[in-house]
1. Of the conditions (1) under 22 Å from the mean Cα position of the chain (by Cα); (2) surrounded by fewer than 17 Cβ atoms within 10 Å (Cβ to Cβ); (3) of a type in the set (A, V, I, L, M), I208 clears all except one; give me its number.
2. Go through region 163-185 and give me each residue that's in contact (Cβ under 8 Å) with a residue 40 or more places away in the chain, within 20 Å of L128 (Cβ to Cβ) and out of contact with any Gly (no Cβ under 7 Å at 6 or more places or on another chain).
3. Does region 393-414 hold any residues that are free of Cβ contacts under 8 Å to residues at least 40 places away in the same chain and not in a strand (DSSP E or B), and which are they?
4. Could you grab the pairs with beta carbons closer than 9 Å, sequence gap of 6+ or different chains, first residue in region 124-149 and more than 20 Å from R72 (Cβ to Cβ), second one of a type in the set (D, E) and assigned to a helix (DSSP H, G or I)?
5. What pairs come out if I take residues in region 13-41 that are without any contact (Cβ under 8 Å) to a residue 40 or more places away in the chain and pair them with residues that are not in a helix (DSSP H, G or I) whose C-beta lies under 7 Å away, six or more apart or interchain?
6. Tell me, please, whether a residue that is in a loop (DSSP other than H, G, I, E, B), within 27 Å of V5 (Cα to Cα) and free of Cβ contacts under 8 Å to residues at least 60 places away in the same chain can be found in region 77-91.
7. Take region 331-364 and flag every residue that is farther than 19 Å from F274 by Cβ, acidic (D, E), out of contact with any strand residue (DSSP E or B) (no Cβ under 7 Å at 6 or more places or on another chain) and at pLDDT 80 or above.
8. Which one of F546, F519, F494 is among the aromatic types (F, W, Y), part of a loop (DSSP other than H, G, I, E, B) and either modelled with pLDDT under 95 or under 24 Å from the mean Cα position of the chain (by Cα) (or both)?
Amino acid sequence: MSQRVLAIGYDGGTFALLKPWAEEGYLPTLGRLFGSCAWSTLLSTVPPNTGPAWSSFMTGKNPGKHGVTDFRGPLGPDFTRPLLSSRSIRSRKLWDILSRGGKRIVVLNVPMTYPVEPVDGIMVSGMLTPRVSPAMTYPAEFFPTLQNVTGGYRFALHWEFYKSEEQIEAFIQDLHECTDKLQALNRHLIEKEPWDFFLTVFDGMDRIQHLLWKILDPAHPLAERSTRERYLPLILGYYQKVDRYLGELIEAAGREAAVFLFSDHGFGPLAGKFHLNTWLIEQGFLSLKKGAVQKWRRRHRVRASLARAMRRIDRWEWRKALFRTLLEDRIDALSLWVKSMSETYSPRHVDWARTQAYSAGPVEQGVFVNLQGREPAGIVPPGKPFSEVREQVALALRTLEDPRSGGPLVTDIFFKEDVYRGPLVERCPDVFFVLAGHRYTVSEEYFQSGELFSPSPIETGYHRPEGILMACAPWIRPGHRPHPARIEDLAPTFLFCLGLPVPDDMDGRVLADLFEKEFLERAPLTMEKTVPEGGPPEPAGEKKVFTEDEEERIKQQLRGLGYMD
């Protein structure tokens, strides 16, 4: 039985990049782990996105039990979707179970942990934290130490600066700064703080792969040899730094600690965006209010005229001198004005009395039926009418063509009960689908351009289901390749490693095939009877957690990663 567990998250980590670089000697720590660890693919949630994946990681349950399928909650009476927080997760979390079991923990930079909750140890929240403040640390009295150890903690990048190749170096440098500060905190706590379970998440790989996959992947449609040759060494240098930091943490944990390296999802190329609500309008499933349609047509003409003008300007040689110095700011301002007009289109502009279905959003990659009794203005009765609308949507999706290949656009379709189970399934999107093997993501904008497809404005990479898992300990089978695990399997496996019973309402399984037979004989698995699944009885997370300013800060982070339009 292990005395301690060190768990290290590589947000977005993928063997597609890490394994070749390790084999080529660029990542020596990982290279050693491949020879001494058990390792396997770690399958993410459906869809493979940050909010549901990390929530499933920390609960050992599928989204039908913890209730998180997005960074936002269901559509409310005011036709908005509130941002979710740690309070939105409707199940006991791993750190609560560990703390109650007498284990001292350190949890750092994990998404969906703000606001922090009481634990036996130290917690510093991660993604969806609005600002650096005492509210992100437990206990709050730890905040001055956080600031002193890191020289001023920083965890969020300035996304607005990274809109062109000229900002790549600044982007990578900002990532180095954030990661250095996280590692300073890691070192301090792993050496100074008593712990049984230590978890930290490096999220820079995810950020790089969202924005710069076209440089990492020479087969990407936007790949340019000169850009790759210029910037790939700079990007690889960041991965090498994280590899060094991984080695430092493993050494500090000691030989008797069990080490787990994992990711919440994998990564691959992104070809563009599919404007799902525009398609739903074309198919007759969604209707806009009459005035909204007329305004959209006028504004679309303005956008089209501006685009034509910009193409002409690009052909004028003298633009380089004159327009850059005199008129570019005016053009940018006009672009922002036109964009702001399109952004006024929201669920409030939908004619819900004539709408049968609408987009679930970029993170969920699915469709909600406008169901009576669930949606704020639902018109589709439950039962057979609901099933018929859902089948019609699925059938229509199967007819779509990939504009690049001419083949089917939708490569997988799932109804929610096919992939989720539990008391909160009703809150989830009714149809999920995969676009060209995850090569497209969904835009939920309402008739922004009138087109069904558009290039992604910032990111060139997006998530894949296949994450990574590596496990090392004296009693873990070295070099073993177990069957692919699921992200829900990690929480029960960590509990088992630390000698605690596994709650019987977890969906994940203990990854017994990782362990030596003698270890399993000495440490038999025990289960714990729990309360009925679905977590605490209070409503899930729709209570106000963030101020308006904090919400906008978080939305800015999410837009920078393509998680919101």
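The values are calculated or read from the model by the stated rules, or taken from the named source; none is laboratory data. Note that the coordinates shown come from a computational prediction; the quantities given were computed from them, not determined experimentally. A quick note on method: Cβ atoms are made from the backbone with ideal geometry, for glycine too, and the neighbour counts reach across all protein chains shown.
1. Status for I208: all satisfied but (2).
2. Selection gives L182, L185.
3. The first filter runs over region 393-414 and keeps only residues free of Cβ contacts under 8 Å to residues at least 40 places away in the same chain, leaving 394-395, 397-399, 401-402, 405-408, 410-413.
If the condition is that a residue be free of Cβ contacts under 8 Å to residues at least 40 places away in the same chain and not in a strand (DSSP E or B), then A394, L395, L397, R398, T399, D402, S405, G406, G407 are the ones that fit.
4. P134/E141
5. Close Cβ pairs (under 7 Å, with a partner that is not in a helix (DSSP H, G or I)) amount to G31/G25.
6. no
7. Of everything in region 331-364, nothing turns out to be farther than 19 Å from F274 by Cβ, acidic (D, E), out of contact with any strand residue (DSSP E or B) (no Cβ under 7 Å at 6 or more places or on another chain) and at pLDDT 80 or above.
8. The unique qualifying residue is F546.
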